[in-house]
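Enquirer: Have a look at this one.
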Amino acid sequence: MAAALSQLDDETVRGMAIGAVFTDYAGKINCLDFHRKEDLLVTSSDDDSIRLYNITSATLLKTTYHRKHGADRICFTHHPSSILCSSRYNLESAESLRYLSLYDNRCLRYFKGHKDRIVSLCMSPVNDSFMSGSLDHSVRIWDLRVNACQGILRLRGRPSVAYDQQGLVFAVAMEGGAIKLFDSRSYDKGPFDTFLVGGDTAEVSDIKFSNDGKSMLLTTTNNHIYVLDAYGGDKRCGFSLEPSPNVINEAAFTPDGQYVISGETTFLMDIPIHDTVNVVIPCVDLVTIACWNSHIGPITALKWAPRRAMFATASTALTFWIPNQPNSS
């Protein structure tokens, strides 16, 4: 179903259409993640389910239920059948983060320490380190092989965390539009750079690096989207979405870093290209080049597949979007 990713262009992305829809969820989908190297996608939902899909055949491979803890934030580890999942219930027990095997439905390890809901979770692309950001105003750094937390960053506000694609740098967004960059090998020395998203003091709900490491994508709790230069912190472009009640929008880069997808209805926006050498780039609007409506409800999560001409959106259903295949005569 999902074709290998070739060079994206406006015609290809405008022609994206629904390829498959899975409507058997009994609650909204909280989070979804693609495996970096395998054609797999995992989702977590308010119905306490975790579901694993093959994206090339558009098939559901496995469903597990987690009634005791629920399923909130979720991401793959490097192994295709192992995931990290944060809890929705029993947070006072400190069992707020779990390392799960989908192969035999076992909990391999609990990571204890957070005292409130985890709102950001990401795996290092190069080793067994991962990070979690919680409403308890902390970011914790972990290792899959060890129960104990490896490091704690105390901060103000709602934290959002992300590794760059080489795993050398991670970013932490916090209250007041501050973005702090850390060397992942020596984060205990403090940030090596700090950016301020000037003019917008809303909390950052999500942060992502582009694959080439040159750009960062910020989504705020008041539905603003910014693309920043990852080296200097300058705003390259920005966009505002219509707010949806009780929904925090997510945005994502395409693998080539040239487009951003986001939305309630899903927008795909072209990033203006500038010469970034020794110039100050004025913030300009992202240019909307496509808009789709799945008519299923507000989008609660979305991502573009790392190696495929495909993206997935989530609401109370999961939708796979692929290039429209013209009818052959």
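The values are calculated or read from the model by the stated rules, or taken from the named source; none is laboratory data. Remember, predicted model here, so these are calculated numbers, not experimental data. Using ideal geometry, Cβ is built from the backbone for each residue, glycine included, and neighbour counts are taken over all protein chains shown.
Enquirer: Which ones in the range 218-256 are buried (at least 19 other Cβ atoms within 10 Å of the Cβ), assigned to a strand (DSSP E or B) and polar (S, T, N, Q)?
Expert: Thr219, Thr220
Enquirer: Of everything in the range 168-209, what is closer than 14 Å to Leu155 by Cα, of a type in the set (Gly, Ala, Ser) and under 18 Å from the mean Cα position of the chain (by Cα)? Give them in sequence order.
Expert: Within the range 168-209, Ala171, Ala173 meet the criteria.
Enquirer: Let me ask something else. Given Tyr53, Tyr25, Tyr99, which one is on the phi < 0 side of the Ramachandran plot, crowded, with 18+ Cβ neighbours inside 10 Å, in contact with a Lys or Arg (Cβ under 6 Å, 6 or more places away or on another chain) and among the hydroxyl-bearing types (Ser, Thr, Tyr)?
Expert: Tyr99
Enquirer: Now, a different point. Of everything in the range 110-136 that's under 19 Å from the mean Cα position of the chain (by Cα) and among the charged types (D, E, K, R), which residue is surrounded by the fewest Cβ atoms within 10 Å (Cβ to Cβ)?
Expert: Step by step, filter the range 110-136, then rank; the result is Asp128.
Enquirer: Can you say whether Gly113 is within 30 Å of Leu228 (Cα to Cα), part of a loop (DSSP other than H, G, I, E, B), of a type outside the set (A, V, I, L, M, F, W, C) and in contact with a strand residue (DSSP E or B) (Cβ under 9 Å, 6 or more places away or on another chain), as far as the supplied structure shows?
Expert: Considered against the rule, which asks whether it is within 30 Å of Leu228 (Cα to Cα), part of a loop (DSSP other than H, G, I, E, B), of a type outside the set (A, V, I, L, M, F, W, C) and in contact with a strand residue (DSSP E or B) (Cβ under 9 Å, 6 or more places away or on another chain), Gly113 comes out as no.
Enquirer: Go over the candidates Val42, Val139 one by one and state the one that is over 23 Å from Pro306 (Cβ atoms), buried (at least 22 other Cβ atoms within 10 Å of the Cβ) and either touching a helix residue (DSSP H, G or I) at 6+ places or on another chain (Cβ under 7 Å) or at pLDDT 95 or above (or both).
Expert: Val139
Enquirer: Right, next: Tell me, please, whether a residue that is within 27 Å of Tyr163 (Cα to Cα), part of a loop (DSSP other than H, G, I, E, B) and touching a residue at least 12 places away in the same chain (Cβ under 8 Å) can be found in the range 10-26.
Expert: No, the range 10-26 contains no residue that is within 27 Å of Tyr163 (Cα to Cα), part of a loop (DSSP other than H, G, I, E, B) and touching a residue at least 12 places away in the same chain (Cβ under 8 Å).
Enquirer: Continuing with this model, one more query. So if I check each of Ser134, Ser205, Ser210, Ser186, which one is small (Gly, Ala, Ser), within 26 Å of Phe239 (Cα to Cα) and without any contact (Cβ under 8 Å) to a residue 60 or more places away in the chain?
Expert: That would be Ser210, the only listed residue that is small (Gly, Ala, Ser), within 26 Å of Phe239 (Cα to Cα) and without any contact (Cβ under 8 Å) to a residue 60 or more places away in the chain.
Enquirer: Further, regarding this structure: For the range 108-127, how many residues are free of Cβ contacts under 8 Å to residues at least 40 places away in the same chain and in contact with a Leu (Cβ under 6 Å, 6 or more places away or on another chain)?
Expert: Residues in the range 108-127 being free of Cβ contacts under 8 Å to residues at least 40 places away in the same chain and in contact with a Leu (Cβ under 6 Å, 6 or more places away or on another chain): 2 in total.
Enquirer: Here is a further query. Taking strands (runs of 3 or more DSSP E) that do not extend beyond the range 121-174, which have at least 2 residues that are in contact with a Gly (Cβ under 8 Å, 6 or more places away or on another chain) and not polar (S, T, N, Q)?
Expert: 138-143, 146-154, 169-174
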